[in-house]
1. Can you tell me how many residues within region 111-165 are under 26 Å from residue 5 (Cα atoms), modelled with pLDDT under 65 and hydrophobic (A, V, I, L, M, F, W, C)?
2. Could you grab me the full set of residues in region 45-86 that are within 12 Å of the chain's Cα centre (by Cα) and at pLDDT below 90?
3. Hey, could you check region 39-80 for residues that are among the aliphatic types (A, V, I, L, M) and touching a Lys or Arg at 6+ places or on another chain (Cβ under 8 Å) and say which is farthest from residue 123 (Cα to Cα)?
4. Could you check residue 17 against (1) within 19 Å of residue 115 (Cα to Cα); (2) among the acidic types (Asp, Glu); (3) buried (at least 16 other Cβ atoms within 10 Å of the Cβ) and say which number it fails?
5. Kindly check whether there is at least one residue in region 82-95 that is exposed (fewer than 12 other Cβ atoms within 10 Å of the Cβ) and basic (Lys, Arg).
6. Restricting attention to region 73-107, which residues are assigned to a helix (DSSP H, G or I) and without any contact (Cβ under 8 Å) to a residue 12 or more places away in the chain?
7. Kindly indicate whether residue 39 is in contact (Cβ under 8 Å) with a residue 24 or more places away in the chain, under 15 Å from residue 8 (Cα atoms) and under 15 Å from the mean Cα position of the chain (by Cα).
Amino acid sequence: MNPNRLLVIDDDPGICDFIQDVALNVRFDVRVANTEEVFRRAYFDFSPSVIILDLQMPTTDGIELLRFLAEDGCQAGILLASGVDINVLGAAHRLGAAHSLKMLGMLKKPFDVSRLEILLAKTSKRERTVTQESVAQSIAAGEVVIHYQPRSSCPAGPSRRWNRPRRWSA
């Protein structure tokens, strides 16, 4: 299972599609939600590693979702994305941090691809599990280099010591 799982909640389908395209390019599995109900269900079913949360939606309040995540002990990193004033965005960020949420940053709408890619890349977790398949793929791709280290066994004792009568000069 991919450790990079992004859950996006935004009421604008265009924003969701944009974020999803960018996240897929940086190797995230993505789920999108446009209502609080869909978000809560996806949160529990998908176990995201990162959440992008819009603060302003017609049927729910982003601040309430931050409180919900805090009450649940959410371990996912949270990026706030909104078109609200930067001071409001900053206040919401501080509120999340005060509730012990792992706040990763803020995206002021409209945001650009490079900013989103940078923030997602910082949160990306590399797969650490070595499988038989991954080893076979690495060998086939020429990524494995074998180095030999000679081993020698020499019994200990006075007759097996190396007596060097003179020092080597440099």
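1. 0
2. Selection gives nothing.
3. Residues of region 39-80 among the aliphatic types (A, V, I, L, M): 42, 50-53, 55, 57, 63, 65-66, 69-70, 76, 78-80.
Those still in the list that are touching a Lys or Arg at 6+ places or on another chain (Cβ under 8 Å) too: 42, 50, 76, 78.
Details: 42: 20, 50: 8, 76: 10, 78: 10 Å.
For region 39-80, the residue satisfying everything is 42.
4. (3)
5. Just the residues of region 82-95 that are exposed (fewer than 12 other Cβ atoms within 10 Å of the Cβ), to begin with: 85-87, 94.
With basic (Lys, Arg) added as a condition, the list becomes 94.
Taking every residue of region 82-95 in turn, at least one turns out to be exposed (fewer than 12 other Cβ atoms within 10 Å of the Cβ) and basic (Lys, Arg).
6. Pass one, region 73-107, residues assigned to a helix (DSSP H, G or I): 86-98.
Passing the criteria: 87, 91, 94, 97, 98.
7. Spelling it out, it is not the case that residue 39 is in contact (Cβ under 8 Å) with a residue 24 or more places away in the chain, under 15 Å from residue 8 (Cα atoms) and under 15 Å from the mean Cα position of the chain (by Cα).
A quick yes/no check of all residues on (1) outside any helix (DSSP H, G or I); (2) out of contact with any Gly (no Cβ under 6 Å at 6 or more places or on another chain); (3) of a type outside the set (Val, Ile, Thr):
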site	(1), (2), (3)
2	yes, yes, yes
8	yes, yes, no
11	yes, yes, yes
14	no, yes, yes
19	no, yes, no
22	no, yes, no
40	no, yes, yes
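The values are calculated or read from the model by the stated rules, or taken from the named source; none is laboratory data. The shown structure was predicted, so the numbers you read here are calculated from the model rather than taken from an experiment. With ideal geometry, Cβ positions are generated from the backbone for all residues, glycine too; neighbour counts draw on all protein chains shown.
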